[in-house]
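Below is one structure; the comments refer to it alone.
We did not get these values from a lab; they are worked out from the coordinates using the rules stated. Note that the structure is predicted; figures quoted are calculated from it, not measured. Here the Cβ positions follow ideal geometry from the backbone for every residue, glycine too, while neighbour counts run over all protein chains shown.
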């Protein structure tokens, strides 16, 4: 330390730097610290891996009932999926078809189920980790 003790200033100014721990000397009832900080207990365990767990925050999905250009028949459409591929959409469509007992398809990135099945689609999408929003009328 170039001949300096811990109380001397290194800034080239005159005088000594006050001891920042001098006020603590008067407090005699402080607990003792660890003997060696290198062997102290870790603060907390590392976070557990989320791999293999179901993602419960996969984004918003809009559920809309449409009748236009379908001969007056209602079709429920789930759209605006983000971050999933065609294979997963087809799996979701198959689960919805089975739960609703109707036909359906995946077209233009949207899942279409025959009939007005908004509540059933909402339940299945919520279980899959999406935040479904029933839009329109």
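Quick notes on this one:
- The residues listed here are 68, 99, 95, 87; of these, the one that is within 29 Å of the chain's Cα centre (by Cα) and exposed (fewer than 13 other Cβ atoms within 10 Å of the Cβ) is 87.
- Residue that is surrounded by the fewest Cβ atoms within 10 Å (Cβ to Cβ), among those in segment 113-131 that are closer than 11 Å to residue 76 by Cβ and within 28 Å of the chain's Cα centre (by Cα): 119
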